[in-house]
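Just so you know, all these numbers are worked out from the coordinates, no wet-lab data involved. These figures come from a predicted structure and were not determined experimentally. Glycine gets a Cβ as well: all are built from the backbone with ideal geometry, and neighbour counts include every protein chain shown.
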Ligand SMILES: Cc1cc2nc3c(=O)[nH]c(=O)nc-3n(C[C@H](O)[C@H](O)[C@H](O)COP(=O)(O)OP(=O)(O)OC[C@H]3O[C@@H](n4cnc5c(N)ncnc54)[C@H](O)[C@@H]3O)c2cc1C
């Protein structure tokens, strides 16, 4: 049985119908997969099947270490969302629970090439002049 | 490990697309209150190319709790009604830019340029201007300093902060009495202060408020100063007949002294009346061909949701007729 229910699948198909531009999901796992890696990969495969605009690329963290390095990936499972370029979006772990909705919103934002942040927030962010390391911890409740 | 499952909450997903900058839209709708949303539904059904430019969705409806006079709903939570409006509009997949105010609208030849505060410009053959109103500020010493620190213009937002506290409401109309109802719910001690003699609110509201024990009415009085260290602590009120002044210790002041039209973006373009409202005729036409206006920002009296929604629908149909008659579509 699939990880996404028939009802959710239908709703997602509807939502994805209006995706304006393509989104590439790059995922890093490894040959002998950790359980989280496998479950994440299977979930992403189901998501990608729902729209022609969503392309999934799965890579091996160990065998393709150089590629992982260019994306700055140091742990798996890792998900990168790419639009016209790499916007720096990284999702580590499995987008399960409520994080699934957040993940879908990310796909929409990347497809629309629009971060959906108010202009005053963008204006403040444009003033960040040195690298800042922020990690958001979540639990899939 | 078992798969923990996924939760898909479609109500929180934002799907709206931004309008394109390089397109000449048939219609640009400025604002997204009931006037705008109703206009959008009518226009979208005509299959014309349109976009919405707004700061928020819902407008002034976001400031109230219960609505009891929108046809079809004896009583509906304002947030729910806004959600229903939004859902209806969003079903048409109309591109919208939100979060950035429109700064100015200009007309050149047969089309309009709409300039946003962040420098973005959108172009349209017609514009429906529905920016509503904003609160009139209380201009007394201390009136600006304590906004958000005891001075509030939104009871729905702030009343819960003043449970069991002592508050003043300034104003005598429906908004002041609705504010009183919000504060009655949190058991506040209330003093209603009105500049004018007597009270202008609807009788039904007055009756409801007057039943409350911890409310005092002071008409023909005015606030002349608000005082406090880091937040509101007291204010000075003056009897307008006798000139007598007294200090009242207070935790909060809710200001409901009327609204002013948000007509600044068109003030150099269309005719406004003395109140600054956009003058419209019965077809929602302004003094500029192709620019239509609806809702609270216009000279049409009785600022209400159902009236704004009706006017919005009319503006959209009128703009559509204009596009057809002038062979612009
Ligand atoms: C406390 C309170 C209680 C109320 N209770 C009721 C009630 O029970 N029943 C009833 O019928 N009516 C009630 N009203 C009145 C009702 O809310 C208004 O009549 C109605 O919302 C007006 O609709 P509108 O679309 O004309 O304007 P608004 O609802 O004010 O919407 C204006 C829109 O324009 C946008 N905007 C403003 N400036 C700009 C700009 N520069 N650029 C871009 N966008 C802009 C805003 O973001 C907003 O989306 C109440 C009002 C208040 C304040």
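Worth pointing out:
- Antiparallel DSSP beta bridges within the stretch B:151-256, as percent of all bridges there, nearest 5: 40
- FRET efficiency, residue B:219 to residue A:18 (Cβ-Cβ, R0 51 Å, nearest 0.05): 0.40
- Here the Gaussian network model covers chain A, with springs between Cα atoms less than 10 Å apart; of A:126, A:22, A:111, A:126 fluctuates the most.
- Value of [θ]222 nm, deg cm²/dmol, for chain A, DSSP H segments ≥ 4, -39500 (n - 2.57) each, nearest 500: -11000 deg cm²/dmol
- Global form of the stretch B:151-255, assessed from the alpha-carbon gyration tensor, a/c cut-off 1.5: oblate
- Order of B:306, B:55, A:134 under a 10 Å beta carbon neighbour criterion, fewest first: A:134, B:306, B:55
- Overall form of the stretch B:119-195 per C-alpha gyration tensor (a/c, 1.5; a/b vs b/c): prolate
- Where only DSSP H runs of four or more residues are counted, chain B gives -6500 deg cm²/dmol as its mean residue ellipticity at 222 nm, each run worth -39500 (n - 2.57).
- Global geometry of chain B, whether rounded, prolate or oblate, following the gyration tensor of its Cα atoms and the 1.5 cut on a/c: prolate
- The gain in end-to-end length when the residue A:36 to residue A:6 segment is fully stretched comes to 8.5 nm, 0.36 nm per residue minus the alpha carbon separation.
- Fluctuation leader among B:178, B:12, B:65 - chain B, Gaussian network, Cα springs under 10 angstrom: B:12
- When the convex hull of its Cα atoms is viewed from all sides, the protein assembly as shown shows a mean projected area of 28.2 nm².
- The stretch B:294-318 residues near the modelled residue B:84 label - backbone nitrogen below 15 Å, point 7 Å along Cα→Cβ: B:305-307, B:309-310
- Percent antiparallel among DSSP beta bridges (both partners in chain B, rounded to 5): 45
- Of A:80, A:15, A:32, the one that fluctuates the most in a GNM where chain A has Cα springs shorter than 10 Å: A:32
- Beta bridges per DSSP with both ends in the protein assembly as shown, % antiparallel, nearest 5: 50
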